[in-house]
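**Student:** Got a structure for you, questions after.
The values are calculated or read from the model by the stated rules, or taken from the named source; none is laboratory data. Small disclaimer: the values here were computed from a predicted structure and weren't measured. We place every Cβ from the backbone using ideal geometry, glycine too, and count neighbours over all the protein chains shown.
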Amino acid sequence: MGHSARLVWHKESSLGDVDAVIIPGGFSYGDYLRTGAIARFSPVMQAVQQFAARGGLVLGICNGFQILCEAGMLPGALIRNRSLQFRCEHIFLKTATTDSPFTNQIPSDKLLRIPIAHGEGCYFADDETLSRLEANNQILWRYVDAAGNVTDDANPNGSLRNIAGICNEKRNVAGLMPHPERACEEILGSTDGKLIFDSLCQTLMEAERQSAPVAA
Amino acid sequence: MKAKIIITPKKAVLDPQGKTVQNALAHMGYNEVGAVHVGKYLEIELTGSDREMARKQMDDACHKILSNPVIEDYRFEIELTLRSSSSQPRIAIRTPSTSWAT
């Protein structure tokens, strides 16, 4: 995509000079205790929290989303899929709002075909939190069927209100269970995921143009 | 000392494991079984001797990492374990002096 990226090990205490942080998927600490429960205390997470507090962009994918919820950087929690099965398949996402650094390049009527691969992707939050998420437009993506309808059949894991991804109130931290990075090249079957990274890049380039630093 | 911690899913949280176990019990013929909730049990050996301090520490640990307050409830007890140490009271056993008739 024409930008540089570097891998930051979880034991590092500094992020260095980055414009955005992506916490990837995986099985950190074997999902022991709870998924993401131990990783959220990794040394690097202090730097990530400080980066986010200064307005830096953070995107958590799958286990990354779980870690952000455990760290309290995003509300709610991810629990075991209601089917108790590990679901590994392509699903459709409807973008609930284009008003975010993660969705501003996604055409509002375009469905994203993106793969999931998780056993604990069921999004849970209490009613008060869910109402707040809706009211503040913090739900970024929902699971839908091929026609774009939010149905129970289209929900692969039982997530409340078919929520696949959300952002925080400040709209600089987001998480989603599906893997957009696995839908960035034709050879992988879909390039829809690239629109999420395009949105991130667009936000950062615009911020640079306006000389308004995104991260201090 | 030993901390015995029980972590259970909050009532409002979907518990498909619990439901599956409930169905399995019903299929096996246990017909007076209601809802089942599957949780976690942890045993933590504590090397200190201050029970109140241990209680505070475990409460903190449960809240911070051992449980996720968004989806789980916890309860625990601190159990004193029998272990010889200088801080434990020594139990003196007196045997009655026996005089044998010679």
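**Student:** Do we find a residue being more than 14 Å from chain B (Cβ to nearest Cβ) and surrounded by 17 or more Cβ atoms within 10 Å (Cβ to Cβ) anywhere in region A:123-132?
**Tutor:** no
**Student:** Please tell me if A:GLY72 is modelled with pLDDT of 95 or more, away from chain B (no Cβ under 13 Å) and assigned to a loop (DSSP other than H, G, I, E, B).
**Tutor:** no
**Student:** Select from region B:19-35 the residues that are in contact (Cβ under 8 Å) with a residue 12 or more places away in the chain and either part of a strand (DSSP E or B) or more than 14 Å from every other protein chain (Cβ to nearest Cβ) (or both) and list them in ascending order.
**Tutor:** B:GLY34, B:ALA35 - these are the residues of region B:19-35 that are in contact (Cβ under 8 Å) with a residue 12 or more places away in the chain and either part of a strand (DSSP E or B) or more than 14 Å from every other protein chain (Cβ to nearest Cβ) (or both).
**Student:** For region A:148-159, does any single residue satisfy the condition of being under 12 Å from the mean Cα position of the chain (by Cα) and among the hydrophobic types (A, V, I, L, M, F, W, C)?
**Tutor:** no
**Student:** Hey, can you tell me all the residues within region A:82-91 that are in contact (Cβ under 8 Å) with a residue 40 or more places away in the chain and surrounded by fewer than 21 Cβ atoms within 10 Å (Cβ to Cβ)?
**Tutor:** Selection gives A:ARG82, A:SER83, A:ARG87, A:GLU89, A:HIS90.
**Student:** Counting only residues that are charged (D, E, K, R) and closer than 21 Å to A:GLN138 by Cα, which one in region A:163-191 is surrounded by the most Cβ atoms within 10 Å (Cβ to Cβ)?
**Tutor:** The qualifying residue surrounded by the most Cβ atoms within 10 Å (Cβ to Cβ) is A:ARG171.
**Student:** From the residues in region B:9-18 that are surrounded by 13 or more Cβ atoms within 10 Å (Cβ to Cβ) and under 24 Å from the mean Cα position of the chain (by Cα), which one is farthest from the other protein chains (Cβ to nearest Cβ)?
**Tutor:** Only one residue tops the list, namely B:GLY18.
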